[in-house]
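Below is one structure, written out as structure tokens; the observations come after it.
The values are calculated or read from the model by the stated rules, or taken from the named source; none is laboratory data. No experiment lies behind these values; they were computed from the predicted model shown. Cβ coordinates were reconstructed from backbone atoms using ideal geometry, including for glycine residues, and neighbour counts include every protein chain displayed. Heavy atoms of the whole protein, side chains included, go into the accessibility calculation; ligands, DNA and RNA do not. Shrake-Rupley method; radii C 1.70, N 1.55, O 1.52, S 1.80 Å.
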Amino acid sequence: MGDSKAPRLDVAIVGGGIIGVMTAIGLLHRHMNVTIYERAAAWHEIGAGFGFTGIARECMRRLDPALLDTLSRISQKTSSSANTRYWDAFHPRTKQDAQQEASALLFQMPEAHLAFWGAVRSHLLLAMAALLPEGVVRFEKQLVGYGDEPGSDKVVLRFADGTVADAHVLIGCDGIHSTTRQLLLGPDHPASRPSFTHTVAYRTMVPMAAGVEALGENKALSACMHCAPNVNMMSYPVMNGTFLNIAVFAHESSGFSDTDTMTAPATRDEVSRVAGLSPHMADMAQLFPEKLIKWGIFDMCENPAPTYARGLVCIAGDAAHSSSPHQGVGACMGVEDALVLCEVLAEANDKLSSESSQTTNRLALERALQAYSSVRMERSQWLVRSSREMGEMYQWRYGPTGRDAERCQAKLAKASRKLWDFSVDEMVLDARKRATAL
Ligand SMILES: Cc1cc2nc3c(=O)[nH]c(=O)nc-3n(C[C@H](O)[C@H](O)[C@H](O)COP(=O)(O)OP(=O)(O)OC[C@H]3O[C@@H](n4cnc5c(N)ncnc54)[C@H](O)[C@@H]3O)c2cc1C
């Protein structure tokens, strides 16, 4: 706080996922007090891969350079001169045809400014957690309620074990089923629950040698999207090229039974059934374990949140704008959220004073959170819509565009440009300006 006698801002983060931990590291780097409340008993993430764009990496660097160093240490870096290639996984009938660019390549998109750095989710979470000082995380703390009285300068958090805690600000990074979002918008608000996108995902990672055997070296060693009616498959190398990350997405016309866990048991036979359309996808299906879990893909496209902040409480990452994974940047949007939050809260922190009234201090924090919400709304909700459309396009269900390689390429190029042709500086300046002008 500006006043040396004033206590530093206490920030409570609910959820120790990728975005909760990144936000905590950014706030600690700006000398605020942070506690993460995570409902699980220990750090948990799955062993699948995900990637971060150049913009997300720039945000990580600004959050705390140690974050970018951490990602750099463990990630597989796509060169900016590389291409993601989009293949026809339906018409070529032989492996040889499926491998030939002349008979199977639909188009390719330069990585250019996106230049993803791919990491294994569980590796990244643990590596980031190692940057946190002791005592920052409280496990087995499931948020069930909060009180945010207009006359108070603190929000009171209530947990399932009957304990309470307070903080100047509560940031809900509690994922797609966010309790914070339900409490902030009200349990009956349509945006309190995500919707099923009628897509399921089967994911695995296999040693690169097996990937090369199934796809051929040309396809296995680079990022590829394999497109077909009602099914698509993404494959790319991770862990310094030693493993191939594979995700098969299939259209599911009926509903999804378990909307809470968003998972259901599946078998290799099921993957073969949905992905057996082409010789390459059929071979890849054989690399899945005999029994596995399939993921229902849910998002907030149909019911976007009307705000990300109210009073001293806000939501970030998937809690605010959970997206389908087809554009591959859901977490990247959360990284941008984290940076804006850290910047507006640091600015508010500097202005707060022990001599000011509770109302003045509260107002400054409310303004900071409203500025965050208004700056992040358009871009993050665009991504949710765009990602849905990409999924439909890869499965040739997006009107005439789906089957038209040229139109697909143009649509993808436009969406990619919106992702990278973006100024982090302007986003941060805009948020700061709004925080003081509101
Ligand atoms: C198949 C797939 C592929 C993807 N690929 C990419 C990619 O390549 N690039 C990319 O940028 N994004 C990708 N994404 C999106 C990305 O995975 C998410 O955007 C990201 O994981 C969201 O992180 P988060 O921290 O907001 O939420 P989560 O990771 O869901 O973390 C939420 C945390 O909150 C905890 N929690 C929940 N409720 C409570 C409570 N009441 N109290 C306390 N704690 C609670 C949970 O236990 C969890 O630890 C992909 C998603 C999918 C499904």
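As a check on your grasp of the helix formula, calculate [θ] at 222 nm for the chain: sum -39500 (n - 2.57) over DSSP H runs of n ≥ 4, divide by the residue count, round to the nearest 500. Write out the running numbers ahead of the final one.
Values: 16 runs with 177 residues, N = 438.
Computed mean residue ellipticity for the chain: -12500 deg cm²/dmol.
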*Hey, what's the stretch 20-154 come to in accessible area per residue, 1.4 Å probe, Å²?*
45
*Going toward the positive end of the dipole of the chain, with +1 on Lys and Arg Cβ and -1 on Asp and Glu Cβ, which of ALA40, MET427, LEU63 do you reach last?*
MET427
*Could you work out how far apart the two model spin labels at GLN286 and GLU134 are, taking each label as a point 7 Å from the Cα in the direction of the beta carbon, and quote it in nm?*
5.3
*Quick one, could you list the DSSP H helices from the chain stretching 18 Å or more along their long axis (Cα atoms) with average Kyte-Doolittle hydropathy of 0.0 or above?*
330-351
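Could you tell me what percent of the accessible area of the stretch 32-88 is made up of carbon and sulfur, with a 1.4 Å probe and every protein chain present? Walk me through the numbers on the way to the answer.
Details: 1010 of 2220 Å².
Whole-percent figure for carbon plus sulfur exposure: 45.
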_Computed over the stretch 362-425, Cα set: Rg, Dmax in Å_ = 16.5, 54
*Would you mind getting the accessible area per residue of the stretch 313-403, heavy atoms of the protein chains only, 1.4 Å probe, in Å²?*
30
*Can you sort PHE249, PHE422 by 1.4 Å-probe accessible area, starting with the largest?*
PHE422, PHE249
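Ignoring ligands, DNA and RNA, what percent of the 1.4 Å accessible area of the stretch 238-381 is carbon and sulfur? Don't jump to the answer; show the numbers that get you there.
Numbers: 2670 of 5230 Å².
The nonpolar share, carbon plus sulfur, comes to 51 percent.
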*Taking each pair of different alpha-carbon atoms in the chain once, compute 1/r for the pair, average those values, and report the inverse of that mean as the Kirkwood hydrodynamic radius in Å to one decimal.*
22.4
*So how far, in whole Å, is the C-alpha centre of the stretch 73-126 from the one of the stretch 296-330?*
27
*What accessible surface, in Å², does a 1.4 Å probe find on THR261, ignoring ligands, DNA and RNA and rounding to the nearest 10?*
70
*State to the nearest 20 debye the size of the charge dipole of the stretch 306-438 about its Cα centre, where the only charges are +1 on K and R beta carbons and -1 on D and E beta carbons.*
460
*Which whole-number percent of Cα pairs in the stretch 1-159 have a distance greater than 21 Å?*
61
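Which of the trypsin sites (Lys or Arg not before Pro) found in the stretch 52-143 are loop residues per DSSP with 11 or fewer other Cβ atoms within 10 Å of their Cβ? Each step should come with its number before you reach the end.
Details: sites: ARG57, ARG61, ARG62, ARG73, LYS77, ARG85, ARG93, LYS95, ARG121, ARG138, LYS141; in loops: ARG93, LYS141.
Those satisfying the criteria are ARG93.
Using R₀ = 25 Å, calculate the FRET efficiency as 1/(1 + (r/R₀)^6) where r is the Cβ-Cβ separation of GLN96 and SER272; round to 0.05. Walk me through the numbers before you get to the answer.
Numbers: r = 21 Å, r/R0 = 0.84.
With a Förster radius of 25 Å, E is 0.75.
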*Please work out, to two decimal places, the log10 of the ratio I(q)/I(0) at q = 0.13, 0.22 Å⁻¹ from a Debye calculation in which every Cα of the stretch 221-319 carries one identical scatterer.*
-0.62, -1.21
*In nm, to one decimal, how far is the modelled label at ARG379 from the one at ASP166, with both set 7 Å along Cα→Cβ?*
3.5
*At 1.567 mPa s and 4 °C, Stokes D of the stretch 270-335 from Kirkwood alpha-carbon radius, µm² per second*: 87
*Would you mind telling me the antiparallel percentage of the DSSP bridges in the chain, rounded to 5?*
75
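Give me the dipole magnitude in Debye, nearest 20, for the stretch 61-124 about the Cα centre, with unit charges on the beta carbon: positive for Lys and Arg, negative for Asp and Glu.
200
Evaluate the charge dipole of the chain about its Cα centre and quote only its size in Debye, nearest 20, assuming +1 on the Cβ of each Lys and Arg and -1 on the Cβ of each Asp and Glu. Display every interim value, and only then the final one.
Working: 43 positive and 48 negative charges, 90 e Å.
The calculation lands at about 440 debye.
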